[in-house]
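Visitor: Next up is a structure, given as structure tokens.
The values are calculated or read from the model by the stated rules, or taken from the named source; none is laboratory data. Computed from a predicted model, the values in this text were never measured in an experiment. Virtual Cβ from ideal backbone geometry, glycine too; neighbours counted across all protein chains shown.
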Amino acid sequence: MRRDNHRKATAKSKNSKRIRLGIRGKLITIFILIIFLSNLILGLGAYITSINVVKNQFEDSTKTLADEINREINLYFQRFEEGAKFMASDSNVQLAYVDEECAHWMMKSFENFIDSYGDVTNIYLGTKNGDVFIYPKTDLPPDFDPRKRDWYMEAANNRELIWTNPYIDTATKELVITAGVPVYDNIDSSKLVGVLGIDIKLETLSKLPSNITVGKEGNLIIYDKEGTVLIHKNKDLIGEIPSEPEIIGSYKIW
């Protein structure tokens with residue numbers, strides 16, 4: 001009888017220990033899961049935060065780069081704009097269409113302008129009579145009428161300096177952009193006498209941001225509002241409107 005009671009007591013004790021060990025094991029498992037999930041959530045949070053930090057840094061660096069490029073380009077073109085406006089206000093330019101002596105001195109001024117602005121390939125005056133005074137001297141087609149050219153019409157209609165979209169220059173057969181400035185009579189400032197134009201080759205623009213880098217291996221590409229490439233490392237793409245695959249295959253961002 002005593003042996004049976006002892007066996008029952010021993011069995012009861014073992015079962016009690018198993019229950020206690022089972023509960024403890026479950027608690028340990030739950031505790032480990034809580035720690036794991038907490039670390040996972042913290043890790044994800046840190047990862048998302050790091051992504052946001054990198055994204056913000058990239059956006060800031062991109063904006064800084066864009067501002068730097070914009071500032072350099074504005075300074076570059078501002079010089080030509082000021083020069084063209086100054087020439088358009090010259091009395092010899094304003095009277096060249098009716099006075100041969102003024103036309104003679106205007107051409108001297110054109111020569112000095114080209115010497116001072118090395119990136120300008122041509123400077124010219126298209127008059128309201130359809131005449132053209134151009135330096136350096138260039139053979140134009142007999143039927144060439146400046147009044148029908150975009151640079152003339154846009155400047156005359158806007159009554160202020162304009163920049164054209166890229167086009168093939170009639171004289172050089174090269175891609176250029178033109179700054180056109182309306183020229184008014186030196187006595188009657190409301191009387192348009194012609195438009196003064198200066199040409200810059202697109203190829204010349206490609207060397208403009210030579211000191212600007214994009215990341216470690218990136219190349220700078222600049223388009224006009226029509227999507228035409230103005231500046232690109234690959235000169236074959238200058239003046240083109242490439243498709244997306246051509247753009248992606250032509251440069252690396254990072």
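Visitor: Would you pick out the residues in segment 69-88 that are at pLDDT 95 or above, more than 20 Å from Lys201 (Cα to Cα) and surrounded by fewer than 18 Cβ atoms within 10 Å (Cβ to Cβ)?
Guide: Phe86
Visitor: Out of curiosity, is Ser61 polar (S, T, N, Q) and under 24 Å from Asp115 (Cβ atoms)?
Guide: On the way: polar (S, T, N, Q): yes; under 24 Å from Asp115 (Cβ atoms): no.
Spelling it out, it is not the case that Ser61 is polar (S, T, N, Q) and under 24 Å from Asp115 (Cβ atoms).
Visitor: Failed condition for Ala66, given (1) closer than 30 Å to Gly197 by Cβ; (2) in a helix (DSSP H, G or I); (3) at pLDDT 75 or above, with all others met?
Guide: Only one criterion is unmet by Ala66, namely (3).
Visitor: Would you mention how many residues in segment 72-93 are in contact (Cβ under 8 Å) with a residue 40 or more places away in the chain and either of a type outside the set (S, T, N, Q) or under 16 Å from Leu161 (Cα atoms) (or both)?
Guide: Adding up the residues that qualify gives 12.
Visitor: If a residue must be farther than 22 Å from Leu202 by Cα, hydrophobic (A, V, I, L, M, F, W, C) and in contact with a helix residue (DSSP H, G or I) (Cβ under 7 Å, 6 or more places away or on another chain), how many such residues does segment 95-137 contain?
Guide: Residues that pass the stated criteria total 7.
Visitor: Right, here's the next one. How many of the residues in segment 112-157 are assigned to a loop (DSSP other than H, G, I, E, B) and within 11 Å of Gly197 (Cβ to Cβ)? Before the answer, list the steps.
Guide: So in segment 112-157, the residues assigned to a loop (DSSP other than H, G, I, E, B) come out as 117-119, 128-131, 136-145, 149.
Pick out the ones that are also within 11 Å of Gly197 (Cβ to Cβ) and you get 149.
Final tally of qualifying residues: 1.
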